[in-house]
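Visitor: What follows is a single structure, and I will ask about it in a moment.
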């Protein structure tokens, strides 16, 4: 019997290198791995269904499912971020704590971007700050068109405007996004993180909630699962093997660009957990349930959904 051709679109993270260098193969599959940028990959999958499987935004995947669009997923989560170190401020704005964000203009990629949803929810539930009291200024449109609750203020930044520049100039008071603003990366003295010790904030967050927040999920076109029910578990196992392989490569103390990469891995495991990237539904249930709550509160989805419903039947027991 001929192999099944499968196109998988992923980002170029260290944990995906074993896919990209051909180390990872799947029996019975001709795997075509495409390394695609975030915007191309997310819209290609959730708007145009260009891939059989793809790493996609968790928030936009939930919105797509909520609207009945034909997607399923496997419980593999290739991108994770804490929100606290992704919150930036203009240092002349008078903002020194989350409470000072009330009434301020806060830049985001889009209202629906997963980090935006996480940051808004964390402000509310971890710091007691009503995210509805801020003006959310997006630099892009939402991937899946939804809405937001009554009274929430959402603006679109001018086409082509750089949020990092706007933040440095004080035209945005704060900024929360999956990547640092350009002004911060360039060392602009007018911009800094909201939390003076964001690592300590994230350490405390992890030990309160017990997880490293999920940003992305691996979505599938449902006909792939319908026609080849063995494929979803095989793909999940392939991601597990890729992750194990990349952890093994970190045994070399200078495998990464970082001089203390190996020591950092050891420190992180001691401070947080031996595995911050668990695969499977059971180990990620509370992480997903909390995010679904955030998405519902913010109008990204109209109704809460059972975690099991997000995944193929063959991977729900993982």
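Visitor: Determine whether residue 244 is closer than 26 Å to residue 37 by Cα and in contact (Cβ under 8 Å) with a residue 24 or more places away in the chain.
Guide: Answer is no for this residue.
Visitor: Just one of (1) touching a helix residue (DSSP H, G or I) at 6+ places or on another chain (Cβ under 6 Å); (2) free of Cβ contacts under 8 Å to residues at least 24 places away in the same chain trips up residue 96, so point out which.
Guide: Condition (1) is where residue 96 drops out.
Visitor: Then there is this: Return the only residue of 251, 267 being assigned to a loop (DSSP other than H, G, I, E, B) and either over 22 Å from residue 10 (Cβ atoms) or without any contact (Cβ under 8 Å) to a residue 24 or more places away in the chain (or both).
Guide: Going through 251, 267 in turn, just one is assigned to a loop (DSSP other than H, G, I, E, B) and either over 22 Å from residue 10 (Cβ atoms) or without any contact (Cβ under 8 Å) to a residue 24 or more places away in the chain (or both): 251.
Visitor: Of everything in the range 270-288, what is part of a helix (DSSP H, G or I) and surrounded by 14 or more Cβ atoms within 10 Å (Cβ to Cβ)? Give them in sequence order.
Guide: 283, 284, 285, 287, 288
Visitor: Continuing with this model, one more query. Looking only at residues that are surrounded by fewer than 20 Cβ atoms within 10 Å (Cβ to Cβ) and outside any loop (DSSP other than H, G, I, E, B) in the range 66-88, which one is farthest from the chain's Cα centre (by Cα)?
Guide: Ranking the candidates gives 66 first.
Visitor: Among the numbered conditions (1) surrounded by fewer than 22 Cβ atoms within 10 Å (Cβ to Cβ); (2) closer than 25 Å to residue 188 by Cα; (3) within 14 Å of the chain's Cα centre (by Cα), tell me where residue 91 comes up short.
Guide: If we test residue 91 against (1) surrounded by fewer than 22 Cβ atoms within 10 Å (Cβ to Cβ); (2) closer than 25 Å to residue 188 by Cα; (3) within 14 Å of the chain's Cα centre (by Cα), just (3) comes out false.
Visitor: If we only count strands (runs of 3 or more DSSP E) wholly inside the range 119-182, which ones have 1 or more residues that are surrounded by fewer than 16 Cβ atoms within 10 Å (Cβ to Cβ)?
Guide: So the answer is 135-138, 153-156.
Visitor: Still on this structure, please answer the following. In the range 8-30, how many residues are free of Cβ contacts under 8 Å to residues at least 60 places away in the same chain and buried (at least 17 other Cβ atoms within 10 Å of the Cβ)?
Guide: Result for the range 8-30: 1.
Visitor: Follow-up question, since we're still on this one. Given (1) within 19 Å of the chain's Cα centre (by Cα); (2) part of a strand (DSSP E or B); (3) over 30 Å from residue 30 (Cβ atoms), identify the lone condition not met by residue 205.
Guide: (2)
Visitor: Same structure, new question: What's the number of the condition residue 220 fails, among (1) surrounded by 15 or more Cβ atoms within 10 Å (Cβ to Cβ); (2) not assigned by TED's automatic domain parsing to the domain that holds residue 18?
Guide: (2)
The values are calculated or read from the model by the stated rules, or taken from the named source; none is laboratory data. Worth saying up front: this structure is predicted, and the values here are computed from it rather than measured. For neighbour counting, all protein chains shown are included, and Cβ atoms are generated from backbone atoms with ideal geometry for every residue, glycine included.
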